[in-house]
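One structure is given below, encoded as structure tokens.
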Amino acid sequence: PPLLPPQFRISRRKEETMKLIIAATLAASAAAFAPAKVAQTSTALNAFENELGAQVPLGFYDPLGLVADGNQANFDRLRYVEIKHGRVAMLAIAGYLTTLAGVRLPGNISYDGTQFSDIPAGFGALSKIPDAGLFQLFAFIGFLEVFVMKDSANGAEPGDFPGDFRNGALDFGWDTFDE
């Protein structure tokens, strides 16, 4: 005699289909715990295994294959850009947090009477800064990018370390310390 009431009974075919689905699910979940094959790294990537940032167990990690050919000049350029953009991002968050805390320059930002205190923090500032002010801001950033923030990869004198943007201008005596 069946144990289930008639409204819960299923056909023999549906029962076999459900058992097959359950067995396939169990087999797939068991495959998740199977040991993975160890990937072989190419000889081009081995060129960067000893670079700063290559750590065990991953080693040198280049998921997009940007330096898969082992080109040292390309690697140095990408390292320079990474350091530069990281520093710009740190300055940006420091500036955002400063303005969010309410710290503003005194006086007017333009001749029409708009004060620095009228400019909100974050992206809202872009719509409140006058057009001439935005032009000055982006022109100054462009000047820094092209003429000031250079390292030996971009024609400046070789620095003491990758990403040394001092260009011989700022020396607080820190590089005279020994370790």
| SER127 fails exactly one of the following numbered conditions: (1) part of a loop (DSSP other than H, G, I, E, B); (2) modelled with pLDDT of 90 or more. What is the number of that condition? | (1)
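Pick from segment 49-100 the residues that are of a type in the set (Asp, Glu) and under 16 Å from the mean Cα position of the chain (by Cα): which of them is nearest to ILE119 (Cα to Cα)?
GLU82
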| message | When the residues of segment 80-137 are narrowed to those that are in contact with a helix residue (DSSP H, G or I) (Cβ under 7 Å, 6 or more places away or on another chain) and in contact (Cβ under 8 Å) with a residue 24 or more places away in the chain, which ends up surrounded by the fewest Cβ atoms within 10 Å (Cβ to Cβ)? | response | GLY122
| Among all residue pairs at least 6 apart or on different chains, which show Cβ distances below 7 Å where the first residue, located in segment 56-67, is more than 13 Å from LEU78 (Cα to Cα) and open to solvent by less than 40 Å² (accessible area, probe 1.4 Å) and the second is of a type in the set (Asp, Glu) and modelled with pLDDT of 80 or more? | GLY59/GLU49; PHE60/GLU49; PHE60/GLU51
| When only residues in segment 1-17 that are at pLDDT 70 or above and open to solvent by less than 100 Å² (accessible area, probe 1.4 Å) count, which is nearest to the chain's Cα centre (by Cα)? | THR17
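The values are calculated or read from the model by the stated rules, or taken from the named source; none is laboratory data. Just so it is clear, the structure is predicted and the values come from calculations on it, not from any experiment. Every residue, glycine among them, receives a Cβ derived from its backbone with ideal geometry; neighbour counts consider all protein chains shown. Keep in mind that these areas ignore ligands, DNA and RNA; they rest on the heavy atoms of the full protein, side chains included. Shrake-Rupley method; radii C 1.70, N 1.55, O 1.52, S 1.80 Å.
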